[in-house]
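The next block holds one structure in the form of structure tokens; read it before the comments.
The values are calculated or read from the model by the stated rules, or taken from the named source; none is laboratory data. These numbers come from a predicted model, not from an experiment. Here the Cβ positions follow ideal geometry from the backbone for every residue, glycine too, while neighbour counts run over all protein chains shown. Note: accessible area is taken over every heavy atom of the protein model, side chains too, but ligands, DNA and RNA are not part of it. Shrake-Rupley method; radii C 1.70, N 1.55, O 1.52, S 1.80 Å.
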Amino acid sequence: MQPYVDTTVASVARGYGYMLGDEENCYEVDRIAAHGIEEMVPGTFALARNNRRFLVRSTRFLAKECGIRQFIDNGSGLPTQMNIHQVAKEVAPDARVVYIDHDPVVLAHQRDKALLADDGTTAFICEDACNVDAILNHPETRRLINFDEPVAVAYYSFLHCIPDAADPLGVVRQMMDNVVGGSYLVLSHLISPDAEVRQRITDFLVNATGGNWGRVREEEDVRAFFEGLELVEPGLGHVTDWRPDGGEEEQTHEWIEYGGVARKP
Ligand SMILES: C[S@@+](CC[C@H](N)C(=O)[O-])C[C@H]1O[C@@H](n2cnc3c(N)ncnc32)[C@H](O)[C@@H]1O
């Protein structure tokens, strides 16, 4: 059975995919929402592309410099050119990745195998990423992830989809409590220092997506996710400043993706 896809409300996965250049898997409502936000804050499409570049650089770092071989990617989104397993496998062909997203469009894609390696070293779980118990106990997680060894837990451009009432901090803490020392947390999150901007963009995104996308938070809210962990150089900041490789684009500074990488002691 095909998963039900609501084409009347903009989806975060489809709208963000469109911003990254995926014209195929979106609907008019997603294009309108994406262009609406670009019109409101020019340079937002570039922000999305820069976030994806951060995903590539940090995954490469984790596989190459930290020896990480297993990844749990929460809010994975639609597959784009370089997904975590493709980046990690350049360094370590034995790398294993569990992808989690709750959007049926992403589910449809993994069925097409677009998000998955064909050697059984990746899996997709269609689940609310706030349901940490379900993710940890899922047979595919148990098959691919050895919890006696370090894991990289990723939340790229995802936690702003989670309202305060759903306790995003608690979600991240529960996940990190279940991985061994030597594991890593990597995340990016939309922030703005300006309260008016935060409110304006949050209102737009929440309205455009029926509440699914966009609580623009503050720097200190993102710092809280990393409490008790050892930040890797250069620490937390705008993701374009995290070990840049020259591929970063000019983008808006009205709001940014803020984040970094940290090791569990
Ligand atoms: C902005 S996209 C980020 C995609 C990818 N991580 C990246 O950075 O390129 C956010 C993704 O989180 C997913 N998402 C939002 N809320 C979710 C939830 N509660 N559980 C699982 N996935 C969720 C959306 O469907 C979307 O695909």
Can you go through Ser188, Ser157 and tell me which one is within 16 Å of the ligand (Cβ to nearest atom), among the polar types (S, T, N, Q) and assigned to a strand (DSSP E or B)?
Ser188
Unmet criterion (only one of (1) in contact with a Ser or Thr (Cβ under 7 Å, 6 or more places away or on another chain); (2) within 22 Å of Phe124 (Cβ to Cβ); (3) in a helix (DSSP H, G or I)) for Val98
(3)
Residue in segment 204-216 that is at negative phi, within 16 Å of the ligand (Cβ to nearest atom), surrounded by 14 or more Cβ atoms within 10 Å (Cβ to Cβ) and among the aromatic types (Phe, Trp, Tyr) present:
yes
Tell me which residues, restricted to segment 111-142, are open to solvent by 50 Å² or more (accessible area, probe 1.4 Å), within 11 Å of the ligand (Cβ to nearest atom) and either basic (Lys, Arg) or touching a Pro at 6+ places or on another chain (Cβ under 9 Å) (or both).
Cys126
Sort out which residues of segment 245-260 are out of contact with any Leu (no Cβ under 7 Å at 6 or more places or on another chain), over 30 Å from Val9 (Cα atoms) and surrounded by 15 or more Cβ atoms within 10 Å (Cβ to Cβ), and write them in order of number.
Glu248
Given the condition assigned to a helix (DSSP H, G or I), over 19 Å from the mean Cα position of the chain (by Cα) and more than 16 Å from the ligand (Cβ to nearest atom), answer yes or no: does some residue in segment 143-153 qualify?
yes
Does Asn51 qualify as being within 12 Å of the ligand (Cβ to nearest atom) and part of a loop (DSSP other than H, G, I, E, B)?
no
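Let's see how each residue does on (1) touching an Asp or Glu at 6+ places or on another chain (Cβ under 8 Å); (2) open to solvent by less than 30 Å² (accessible area, probe 1.4 Å):
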residue: Tyr27; (1), (2): no, no
residue: Ala33; (1), (2): no, yes
residue: Glu38; (1), (2): no, no
residue: Asn50; (1), (2): yes, yes
residue: Ser58; (1), (2): no, yes
residue: Gly77; (1), (2): yes, yes
residue: Ala88; (1), (2): no, yes
residue: Val97; (1), (2): yes, yes
Conditions (1) part of a helix (DSSP H, G or I); (2) within 16 Å of the ligand (Cβ to nearest atom): number failed by Val197
(2)
